[in-house]
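In what follows, a structure is listed as structure tokens, so that the remarks can point back to it.
The values are calculated or read from the model by the stated rules, or taken from the named source; none is laboratory data. Treat the numbers as computed from the prediction; the structure is a model and nothing was measured. Quick reminder, even Gly has a Cβ in these numbers, built from the backbone with ideal geometry, and neighbours come from all protein chains shown. SASA here: full protein model, heavy atoms, side chains in, ligands and nucleic acids out. Shrake-Rupley method; radii C 1.70, N 1.55, O 1.52, S 1.80 Å.
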Amino acid sequence: MTDFDVVVLGSGAAGLVVAARAAEAGLRVGLFEKGEALGGTTALSGGIVWVPDNPYMHAAGVSDSRDEALAYLESLSFGMIDPAFAEAFVDTGVEALRWLETTPVSLELLPGYPDYHPERPGGKPGGGRSLHSGLFDYRQLGEWAQKVIPSRMPWISLIESPLGGGDGRIPPDVLEQRRRDDIRGSGQALVGGLLKACLDHGVELHLSTPAVSLLVSDGRVAGVGFRGSDGGSVEVRAGIGVVIATGGFEWDTRLVTSFLRGPMTDPAGVPTNTGDGLRMAMQAGASLANMREAWWVPVVRIPGDEAFGRQRSHLILRERTLPRSIMVNKRGRRFTNEAANYNALGGAFHQFDAGEFDYVNLPCWLVFDQEYLDRYGFASSPPGAVPPYLTSSETLDGLAREIGVAPEGLVASVERWNEHARQARDPDFGRGDSAYDSWSGDTSQAGRLATIGPLDAGPYYAIEMYSGTLGTKGGPRTTIDGEVLDHFERPIPGLYAAGNAMAAPTGMVYGGAGGTLGPIIVFAYRTGTHLARTGVGASAG
Ligand SMILES: Cc1cc2nc3c(=O)[nH]c(=O)nc-3n(C[C@H](O)[C@H](O)[C@H](O)COP(=O)(O)OP(=O)(O)OC[C@H]3O[C@@H](n4cnc5c(N)ncnc54)[C@H](O)[C@@H]3O)c2cc1C
């Protein structure tokens with residue numbers, strides 16, 4: 001195998017951005033992917049990108065400013081966001097977007113998508129910071145089109161789905177045309193565009209090549225040891241830098257239980273994200289940060305719904321926001337605003353009772369009535385259908401007994417909820433108070449009624465929910481240019497980190513839709529730029 005200026009590990013958004021940016025500056029870049037296909041969790045994603053104060057929102061007449069963006073992040077920081085990173089994110093956002101415009105990636109405004117905490121200082125209840133990936137023609141990728149991890153609905157753009165404010169109804173002939181021409185949306189479009197940029201700039205791509213160790217020479221990370229497809233080992237040298245962009249450690253049970261702040265049983269991303277980059281960074285003496293945090297998300301397990309040969313973690317986003325549904329714990333009690341953003345719900349899952357020495361809200365269930373099913377359906381089942389995997393009963397008491405929840409608790413919770421629902425309010429948890437709460441609800445209903453409605457039409461249904469994640473967000477600490485730091489605040493020469501593999505610059509925060517990919521792209525862009533400058537400097541020297 002050839003030697004390179006830059007060796008990038010991992011082919012999600014982070015790895016592809018660093019690789020494309022460094023290669024466009026003329027560096028010889030090799031990108032190595034552990035899986036058989038490219039794109040990582042990014043390829044499964046909605047492809048939404050959150051960047052405050054962006055030109056797309058300004059063009060649409062939505063105001064924003066540096067100060068508002070920083071105030072927003074600070075209000076959610078709890079001391080976990082380094083102001084230097086918040087400033088670098090906000091100050092580089094526009095430059096990174098302008099650079100993306102020079103690549104085949106196309107981003108467009110996702111109008112109206114509220115920030116996830118829009119009533120906080122600097123928050124945007126009317127949206128503007130969330131951008132979605134426009135459709136991408138995979139025919140441009142030639143043979144590489146078949147080497148991207150397929151998602152479940154590759155032909156749909158996020159803006160067309162109910163999550164993005166659309167109605168999800170795409171005319172069958174349009175869908176057929178896209179299928180025939182291999183025109184893909186969402187995360188597939190983002191990966192496709194970035195991959196094309198890498199190919200255009202001559203990045204050398206290797207699949208099924210997991211990195212297993214760093215090669216260190218004279219205190220400098222000078223290359224990487226890989227396990228080859230034949231099981232043997234291969235060493236590749238990197239003259240300027242090695243970039244760890246290997247995603248999180250969500251699929252490694254030992255790392256998960258060692259580091260995450262609470263239970264997380266159901267990861268939703270690619271199973272190759274097992275913390276390999278974290279181990280290599282530790283091997284090189286990296287200082288770690290943000291290790292307790294992840295992009296939390298509630299999920300359900302639908303029998304027979306598999307991904308990568310195992311149970312798929314089906315994200316529960318809109319389902320718990322729609323009226324006529326509540327979430328309850330084993331006492332049968334509601335415990336949170338069900339319509340709050342998924343990342344914040346992680347906090348509710350991690351609540352611990354000192355007396356009982358137990359997690360109060362795990363296990364928990366989503367409960368709804370027949371009218372809910374008739375109007376909205378559930379997950380991928382259409383309205384009116386009754387998915388066989390739901391537990392059901394004619395009465396709430398019966399349902400509680402079926403799922404092992406305190407019957408008197410569930411009956412009392414529903415009575416209380418119904419009483420408040422008649423007044424369209426939730427004094428217990430404030431559901432419907434935030435502009436965010438109704439975004440994914442029943443938008444044919446006004447105000448809080450988009451998310452608040454009684455459970456009074458049996459039979460009643462329940463499904464267990466689990467604590468999942470889109471990816472972990474702890475890892476090696478870096479400078480704002482992605483240089484990995486040792487325990488004495490010194491950059492480890494030649495070692496960089498990007499994406500979910502690095503200590504996320506956002507602490508606990510998921511700022512809005514696209515809140516993971518936004519910072520990931522901006523900081524990966526900075527890292528690629530830094531490598532390019534270092535490379536030019538090295539050749540001049
Ligand atoms: C269903 C779903 C929808 C989502 N939608 C959105 C959204 O719309 N907006 C948003 O902001 N976020 C979204 N997310 C989260 C987002 O997708 C991730 O946070 C992001 O893609 C992570 O990017 P990454 O490049 O850091 O990691 P990844 O995209 O996971 O890429 C990491 C890659 O590294 C590879 N790798 C691992 N170990 C090695 C090794 N030893 N050697 C070589 N390669 C290795 C992996 O195989 C993988 O391909 C979503 C997540 C899910 C699951």
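Details
- Evaluation of Y436 against the conditions (1) in a helix (DSSP H, G or I); (2) more than 24 Å from E319 (Cβ to Cβ); (3) within 16 Å of the ligand (Cβ to nearest atom) shows that the sole unmet condition is (2).
- Single residue of region 321-340 satisfying the filter (open to solvent by 10 Å² or more (accessible area, probe 1.4 Å) and under 25 Å from the mean Cα position of the chain (by Cα)) that is nearest to I403 (Cα to Cα): F335
- In region 190-209, the residues that are within 14 Å of the ligand (Cβ to nearest atom) reach residues that are of a type outside the set (D, E, K, R) and at pLDDT below 95 with C-beta atoms within less than 6 angstrom, at least six apart or across chains, in these pairs: S208/S229.
- Residue in region 259-268 that is of a type in the set (K, R) and either without any contact (Cβ under 8 Å) to a residue 40 or more places away in the chain or open to solvent by less than 40 Å² (accessible area, probe 1.4 Å) (or both) present: no
- Listed here are the strands (runs of 3 or more DSSP E) enclosed by region 440-535 that have at least 1 residues being crowded, with 23+ Cβ neighbours inside 10 Å and more than 25 Å from the chain's Cα centre (by Cα): 460-472, 491-497.
- Scope region 341-364; condition open to solvent by less than 20 Å² (accessible area, probe 1.4 Å) and either among the polar types (S, T, N, Q) or in contact with a Ser or Thr (Cβ under 8 Å, 6 or more places away or on another chain) (or both); matching residues: N341, N343, L345, G346, A348, F349, N361
- Exclusive hit being closer than 20 Å to L495 by Cβ and away from the ligand (no atom under 14 Å from the Cβ), set D67, D3: D3
Residue-wise test of (1) buried (at least 23 other Cβ atoms within 10 Å of the Cβ); (2) not assigned by TED's automatic domain parsing to the domain that holds H350.
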| position | (1), (2) |
| --- | --- |
| R254 | no, yes |
| A281 | yes, yes |
| R292 | no, yes |
| G304 | no, no |
| F308 | no, no |
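- T103 meets all of the listed conditions (1) assigned by TED's automatic domain parsing to the domain that holds T209; (2) assigned to a loop (DSSP other than H, G, I, E, B); (3) free of Cβ contacts under 8 Å to residues at least 24 places away in the same chain but one, namely (3).
- Scanning region 210-240 for residues that are open to solvent by 20 Å² or more (accessible area, probe 1.4 Å), part of a loop (DSSP other than H, G, I, E, B) and touching a residue at least 60 places away in the same chain (Cβ under 8 Å) yields a single hit, G219.
- Those helices (runs of 4 or more DSSP H) of region 245-351 in which 1 or more residues are away from the ligand (no atom under 16 Å from the Cβ) occupy 253-259, 342-349.
- Residue match in region 149-161 (condition: in a helix (DSSP H, G or I), within 30 Å of D5 (Cβ to Cβ) and out of contact with any helix residue (DSSP H, G or I) (no Cβ under 8 Å at 6 or more places or on another chain)): no
- Of all residue pairs spaced 6 or more apart or on separate chains, those with beta-carbon atoms under 8 Å, a first member in region 38-51 that is within 27 Å of P118 (Cα to Cα) and modelled with pLDDT of 95 or more and a second member that is open to solvent by 30 Å² or more (accessible area, probe 1.4 Å) and assigned to a strand (DSSP E or B) are T41/L470; S45/L470.
- Filter result (charged (D, E, K, R) and away from the ligand (no atom under 15 Å from the Cβ)) within region 225-244: D230, R237
- If only residues of region 6-27 that are assigned to a loop (DSSP other than H, G, I, E, B) and more than 9 Å from the ligand (Cβ to nearest atom) are counted, the one that is nearest to T274 (Cα to Cα) is L27.
- Every listed requirement among (1) open to solvent by less than 50 Å² (accessible area, probe 1.4 Å); (2) touching a residue at least 60 places away in the same chain (Cβ under 8 Å); (3) not in a loop (DSSP other than H, G, I, E, B) is met by N418 save one, (2).
- Residues being within 13 Å of the ligand (Cβ to nearest atom) and among the β-branched types (V, I, T) - total across region 479-536: 7
- Note on region 131-157: residues that are basic (K, R) and modelled with pLDDT under 95 total 1.
- Condition met for H132 (open to solvent by 10 Å² or more (accessible area, probe 1.4 Å) and either in contact (Cβ under 8 Å) with a residue 40 or more places away in the chain or of a type outside the set (A, V, I, L, M) (or both)): no
- Residue selected from region 28-57 under the condition outside any strand (DSSP E or B), near the ligand (Cβ under 6 Å from one of its atoms) and within 21 Å of S157 (Cα to Cα), by the criterion farthest from the chain's Cα centre (by Cα): G40
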